[in-house]
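S.K.: Below is one structure. I have some questions about it.
The values are calculated or read from the model by the stated rules, or taken from the named source; none is laboratory data. Quick caveat, the model's predicted, so the values are computed rather than measured. Cβ placement follows ideal geometry from the backbone for every residue including glycine, while neighbour counts extend to all protein chains displayed.
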Amino acid sequence: MDKYNQTSLQLFGNSSFDDLLSTKGIRKLSIRLNPRMMKSWNVKISNLTGSRILNVPAFMEKAPDEIKKALIEWALLPLCKFGKKKKKIQPLRSRLENIIHQYISSQLFVTQKTSTINPQSLQFKTKGNRYDLTKVFNKINSQYFENTIKAIVRWGSYASTTSYQTTKTDNNGSKFHLITIAGVYNHPDVPGFAIEAVMYHEMLHIKIPPYKKNGRNVIHGPEYKMAERKFQFYNEWHQWEKLYLFNLAKQMRSKHKRKF
Ligand SMILES: [Zn+2]
């Protein structure tokens, strides 16, 4: 899927949260590192003083500055649950959340495996309920990329809605690409063009990697977008995602609950 996915970014600098808060002169925010938090974060606001507490997973203290700054900016966004103002802030909020989510996913992977990875050891089960990711990958690779894309593919967590691609380093120091396809695409009702489209989208990120422009990471730049439209069912996929993706994920989650 779009918005969230990501290649590994070149990120530098590692100041502590407190450093960043004090350089920016931010007094009304404090950060709590929570070792039990894994994928989520939240902000609590005191009704009385208006000061805010940002609760984040403990490993965030090691995050690059760019990620910490995104968290701080997120925690300071005005609170508006409804209406025009909310709509206005929403794009910025989503952009920040994407940055944070991407970092968290990359870290969860790193902490589960070791920091250096042998690609051969990543024997993911790619066969899903309806599609085998390896087969989808090979098909798209020959159809659109002349078999030039090299990557390891895997399913994302159950009912997840985020697909992404990251670059990992193996234990010989060479880099390889890892594509994670959102778990929701493992629902048996997912049509062939949709799984192929999301695979194409992620593979295209390998062919057209993100770059920096004016200090910003351009992930879906003009050349990317143009190439993306070459996928035969581009419009159908977008339409399908809009109509079905979140409903399918919801369905999967409720089934899951009933089972356990
Ligand atoms: Zn993308």
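S.K.: Which numbered condition trips up residue 189, out of (1) within 20 Å of the chain's Cα centre (by Cα); (2) under 22 Å from residue 153 (Cβ atoms); (3) modelled with pLDDT of 90 or more?
M.R.: (1)
S.K.: Answer yes or no: is there a residue in segment 207-223 that is closer than 30 Å to residue 254 by Cα and in contact with a strand residue (DSSP E or B) (Cβ under 7 Å, 6 or more places away or on another chain).
M.R.: There is no residue in segment 207-223 that is closer than 30 Å to residue 254 by Cα and in contact with a strand residue (DSSP E or B) (Cβ under 7 Å, 6 or more places away or on another chain).
S.K.: So in segment 159-210, with the set limited to residues that are small (Gly, Ala, Ser) and free of Cβ contacts under 8 Å to residues at least 60 places away in the same chain, which one is farthest from residue 245 (Cα to Cα)?
M.R.: Out of the qualifying residues, it is 173.
Residue by residue, here is whether (1) surrounded by 15 or more Cβ atoms within 10 Å (Cβ to Cβ); (2) within 19 Å of residue 248 (Cβ to Cβ); (3) at pLDDT 95 or above holds:
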| residue | (1), (2), (3) |
| --- | --- |
| 131 | yes, yes, yes |
| 149 | yes, no, yes |
| 152 | yes, no, no |
| 158 | no, yes, no |
| 164 | yes, yes, no |
| 168 | yes, no, no |
| 172 | no, no, no |
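S.K.: Next question. Among the residues of segment 193-225, how many are in a helix (DSSP H, G or I) and within 22 Å of residue 166 (Cα to Cα)?
M.R.: Number of matching residues: 18.
S.K.: Further, regarding this structure: Tally the residues that are part of a loop (DSSP other than H, G, I, E, B) and at pLDDT 85 or above, restricting the search to segment 40-51.
M.R.: Going through segment 40-51 one residue at a time, the tally reaches 3.
S.K.: Do you know which of the residues in segment 68-101 that are in a loop (DSSP other than H, G, I, E, B) and free of Cβ contacts under 8 Å to residues at least 24 places away in the same chain is farthest from residue 39 (Cα to Cα)?
M.R.: Only one residue fits best here, namely 82.
S.K.: Separate question: With the requirement that a residue be surrounded by 14 or more Cβ atoms within 10 Å (Cβ to Cβ), of a type in the set (Ser, Thr, Tyr) and either touching a Gly at 6+ places or on another chain (Cβ under 9 Å) or farther than 17 Å from residue 182 by Cβ (or both), what does segment 212-258 give you?
M.R.: The answer is 224, 234.
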